[in-house]
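Bear in mind that the values in this text are calculations on the coordinates, not laboratory data. Quick caveat, the model's predicted, so the values are computed rather than measured. Neighbour counts are summed over all protein chains in view; Cβ atoms, including those assigned to glycine, are modelled from backbone coordinates with ideal geometry.
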Amino acid sequence: MAWLKVQYPHQAKSPKWLQVEHNRTFIDWIHYKVADELNLKRNISNTLEWIAQGPRLDVIKSPGYIINDTRYHTKDRDNSRVTQNSGVSLVATAMQVTGYKDKNPVFGEMNFYGIISEIWQLDYHMFQIPIFKCDWVDNKGIKVDELGFTLVELGRIGHKSDSFILASQAKQVFYVKDQLDSRWSVVLEPPQHRYPCNGDDELNDCSFEQHGFDKVMPEVEPSDVADESELSYARGDCEGTRIDNEG
């Protein structure tokens, strides 16, 4: 960014232009910057040198990946299973604008929610870096209800030009359909503790137990009936329809 400010002092006065241009040109800049430093015999780490050269063009894809004691799957893999391991969230500093003509955006932390569509392993010759390609929910498809639960509209996809994250950045979440409106899903966070896997297939693919969530669904109370054999349960925070079970 310092280089852009020197090269384009007039345009760089716009924070929006500076951020967009930085994202667009950074990969080329780091490539030539590292090459110049090496020509000047300056000390450059092997990791940075390989990253500046870029990964191999051949990409290894996998339907599953385990990192930080957490197992992730692609959405296609989840579709054939009863478990769900494709939901992810990310807290990132992002540029927030009020509209297309907004030239003074605000930078702040935002929560992003998505589903893993592909898992890639980039090969930088001396090391590999796993990344997730995700379908991210558009910012307008995220809301918090009156109970404090975060809901997302998974069919409302946004951020299509910025779909990749490092696997190490991902935080796993689960999505549960909202019973009042099927367009929306409630975001639930798994417990912090993880259980090591000892699977015997090529992906070390095995199940781990779930012991509840950080947030719990609203409690239900027994209805006021005289006969305990006819006891039923109902939520009190929304309208409903009573169904009598016979036989």
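Remarks
- Distance (nanometres) between label positions extended 7 Å along Cα→Cβ at Val91 and Val106: 1.8 nm
- Cross-link check: pairs Lys5/Lys160; Lys75/Lys160; Lys133/Lys171 evaluated at a Cα-Cα cut-off of 20 Å; pairs beyond the cut-off: Lys5/Lys160.
- Chain lengthening between Lys61 and Lys177 when straightened (0.36 nm per residue, less Cα-Cα): 38.8 nm
- Surrounding net charge for Ala94, when Lys and Arg each add one and Asp and Glu each subtract one, Cβ distance under 12 Å: -2
- Among residues other than Pro55 with Cβ under 14 Å from its Cβ, the summed charge is -1 (Lys and Arg +1, Asp and Glu -1).
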